[in-house]
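So the structure is just underneath, and the comments pick up after that.
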Amino acid sequence: MSTGAPVSRAEFAPEAAVTRPSPRLLIIGLDCMAPELVFEQWRSHLPNLSRLMEQGSYGRLESSIPAITVPAWSCMMSGRDPGELGIYGFRNRRDRGYQSMAISDGRAVKVPRLWDVLGEAGWTVATLSVPGTSPPCAVNGSQVSCFLTPNLETPFTHPPELGAKIRAWMPDFMLDVPEFRSEDKAQILDNLYRLCDQRFTLAQKLLHQDSPDFLMLVDMGVDRIHHAFWKPMDPRHPQYQPGDPYATAIQDYYIYVDQRVGELVAQCSDETVIVVVSDHGAQPLMGGICLNEWLIQEGYLVLKETPTEPLPLDQAVVDWEKTQVWGAGGYYGRVFLNVQGREPQGIVPMTDYDRLRTELATRLEAFTDPQGNPMVNHAYRPQEIYQRVRGVAPDLLVYFDNLAWRSVGSVGHGSLYTANNDTGPDDANHAPLGLMIYYDPRRPQGGKVLEGAQLYDVVPTVCDRFGITPPKGLRGKVLPV
């Protein structure tokens with residue numbers, strides 16, 4: 001267990017004397033990091049995070065709905081919910097067409113994010129790999145884009161010349177862990193550590209070179225290692241087998257990330273405010289609910305031909321003139337109604353919309369596991385959970401067993417349940433609660449536990465701390481940190 005001694009702030013290099021707080025604010029994003037592993041299970045193995053917790057405040061951080069990387073980081077950094085952003089997942093409907101799903105990159109975010117607000121207040125900023133920053137935007141400082149960047153041949157930095165410097169520093173610079181949903185576990189693990197080292201080393205280089213007022217980085221490795229290595233770690237996983245050689249892979253990685261956090265913090269000023277956040281948590285993947293198979297079975301979705309093997313719904317022959325409802329898979333389920341005058345071949349009268357949506361919500365929330373045991377399911381109506389609803393929102397957003405089961409959108413399974421993800425090997429699903437650790441050397445809290453924190457609270461809390469007027473209409477509140 002950590003002793004609670006002050007976090008060391010050694011200089012990165014002897015000549016790099018800090019004459020003012022640099023950075024004034026450091027945010028370390030650890031995508032998908034699970035609060036129960038940091039706060040409880042492995043806390044004694046994580047001395048740097050533990051010291052920040054003991055001197056500051058910390059708690060579970062409720063994610064957005066949906067609790068997935070896109071849109072969660074953009075929600076956190078803007079103080080806006082997915083409905084206001086019009087971003088409901090990695091892929092969103094561009095229009096009311098049946099095959100209009102497209103990836104939402106940073107261009108979908110139309111509101112200022114924290115670095116924009118700080119830049120307007122005169123701060124210099126540096127952001128590294130924050131999801132939702134591809135393509136990179138002009139900021140008052142530097143920006144390195146995120147894992148959605150197609151390749152290094154496309155612009156991935158602001159200013160553009162920073163990209164050339166990064167490629168000189170790191171010729172093998174990685175945008176993400178390639179093929180992290182595969183069975184080549186040794187290669188995945190090697191790439192995870194390389195990605196982590198590159199992000200933290202680049203953060204240290206930019207602190208040393210530019211002394212920005214604000215620096216934020218996000219490590220995607222935590223998320224990737226959960227998806228690849230949760231099964232050998234957790235006896236709760238339905239496919240767990242004791243004695244797996246990768247049983248400690250996730251714990252080892254958490255320990256390594258903690259070390260890199262300590263090295264980065266050591267380079268900061270004694271006055272730097274440090275925030276460690278994850279956008280959501282993680283849990284063992286218990287299986288998949290074949291959403292579209294159920295809709296077919298119940299007569300809501302009609303195919304002209306029954307597939308002989310599993311295939312995406314986009315590749316099936318749907319009879320849209322007889323289909324009332326269809327769905328999309330992922331960590332959560334999306335349900336779309338085929339509404340007259342709204343969809344190209346809509347058949348559901350608008351007068352029947354509320355009744356049908358309520359019927360679907362009630363039935364989906366009553367879904368059981370394969371043994372008939374009850375599940376904790378939620379079918380959310382966008383108009384009830386968001387401040388506004390922009391873009392083409394799902395008619396229902398469905399969590400199966402609080403995200404322990406994922407939604408499977410493909411058809412042709414011949415069953416309502418699957419044991420595995422239909423898009424590649426996957427050990428974990430997301431969980432609705434991430435984490436936040438907040439350390440302010442001017443306001444030591446002695447290990448105060450935060451209750452009721454949401455990711456929308458980050459921007460208002462930071463703005464309040466530094467006396468900056470936040471944008472109007474934000475969803476979050478100022479946390480008692």
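The values are calculated or read from the model by the stated rules, or taken from the named source; none is laboratory data. Given the structure is predicted, the values throughout are model-derived calculations rather than measurements. All Cβ positions, even for glycine, are placed from backbone atoms using ideal geometry, and neighbour counts span all protein chains on display. For the accessible areas, the whole protein counts, side chains as well, though only heavy atoms, and no ligand, DNA or RNA atoms are used. Shrake-Rupley method; radii C 1.70, N 1.55, O 1.52, S 1.80 Å.
Within segment 402-418, which residues are under 21 Å from the mean Cα position of the chain (by Cα), surrounded by 23 or more Cβ atoms within 10 Å (Cβ to Cβ) and of a type in the set (Gly, Ala, Ser)? Passing the criteria: only Ser407.
Quick check on segment 148-158: of everything there that is touching a Ser or Thr at 6+ places or on another chain (Cβ under 9 Å) and open to solvent by 30 Å² or more (accessible area, probe 1.4 Å), which residue is nearest to Val130 (Cα to Cα)? Only one residue fits best here, namely Leu148.
Here Asp422 meets each of (1) under 16 Å from Thr69 (Cα atoms); (2) not in a strand (DSSP E or B) with one exception, condition (1). Number of residues in segment 390-409 that are assigned to a loop (DSSP other than H, G, I, E, B), within 23 Å of Arg181 (Cβ to Cβ) and in contact with a Gly (Cβ under 7 Å, 6 or more places away or on another chain) equals 1. Regarding segment 369-379, can at least one residue be identified that is over 25 Å from Asn421 (Cβ atoms), open to solvent by 50 Å² or more (accessible area, probe 1.4 Å), without any contact (Cβ under 8 Å) to a residue 60 or more places away in the chain and part of a loop (DSSP other than H, G, I, E, B)? Checking segment 369-379: not a single residue is over 25 Å from Asn421 (Cβ atoms), open to solvent by 50 Å² or more (accessible area, probe 1.4 Å), without any contact (Cβ under 8 Å) to a residue 60 or more places away in the chain and part of a loop (DSSP other than H, G, I, E, B). Residue check: is Glu153 outside any loop (DSSP other than H, G, I, E, B), farther than 19 Å from Gly29 by Cβ and not hydroxyl-bearing (Ser, Thr, Tyr)? Criteria not met by Glu153.
Among the candidates Thr306, Thr351, the residue that is polar (S, T, N, Q), over 30 Å from Arg181 (Cα atoms) and open to solvent by 20 Å² or more (accessible area, probe 1.4 Å) is uniquely Thr351. Looking only at residues that are charged (D, E, K, R) and part of a helix (DSSP H, G or I) in segment 159-174, which one is nearest to Pro135 (Cα to Cα)? Among them, the one singled out is Glu161. For segment 252-288, taking the residues that are among the polar types (S, T, N, Q) and within 16 Å of the chain's Cα centre (by Cα), the one that is farthest from His45 (Cα to Cα) is identified as Gln283.
For Glu179, the criteria (1) over 24 Å from Pro212 (Cβ atoms); (2) touching a Lys or Arg at 6+ places or on another chain (Cβ under 8 Å); (3) open to solvent by 50 Å² or more (accessible area, probe 1.4 Å) hold in every case but one, which is (2).
Summed over segment 457-481, residues that are open to solvent by less than 10 Å² (accessible area, probe 1.4 Å) and either among the hydroxyl-bearing types (Ser, Thr, Tyr) or in contact with a Lys or Arg (Cβ under 9 Å, 6 or more places away or on another chain) (or both) total 3.
For segment 198-205, the criterion of being in a helix (DSSP H, G or I) and open to solvent by 40 Å² or more (accessible area, probe 1.4 Å) is met by at least one residue. Name the single residue, out of those in segment 419-443 being more than 17 Å from His227 (Cα to Cα) and in contact (Cβ under 8 Å) with a residue 40 or more places away in the chain, that is surrounded by the fewest Cβ atoms within 10 Å (Cβ to Cβ). Here the residue is Arg442.
Among the residues of segment 444-455, those that are in contact with a helix residue (DSSP H, G or I) (Cβ under 6 Å, 6 or more places away or on another chain) and either hydrophobic (A, V, I, L, M, F, W, C) or open to solvent by 40 Å² or more (accessible area, probe 1.4 Å) (or both) comprise Pro444, Leu455.
The test for being hydroxyl-bearing (Ser, Thr, Tyr), in contact with a helix residue (DSSP H, G or I) (Cβ under 9 Å, 6 or more places away or on another chain), within 17 Å of Trp73 (Cα to Cα) and part of a loop (DSSP other than H, G, I, E, B) does not hold for Ser182.
Counting the residues of segment 218-242 that are farther than 18 Å from Glu183 by Cβ and surrounded by 23 or more Cβ atoms within 10 Å (Cβ to Cβ) gives 6.
Considering segment 300-336, the residues that are part of a strand (DSSP E or B) and more than 27 Å from the chain's Cα centre (by Cα) include one that is farthest from His413 (Cα to Cα), namely Val325.
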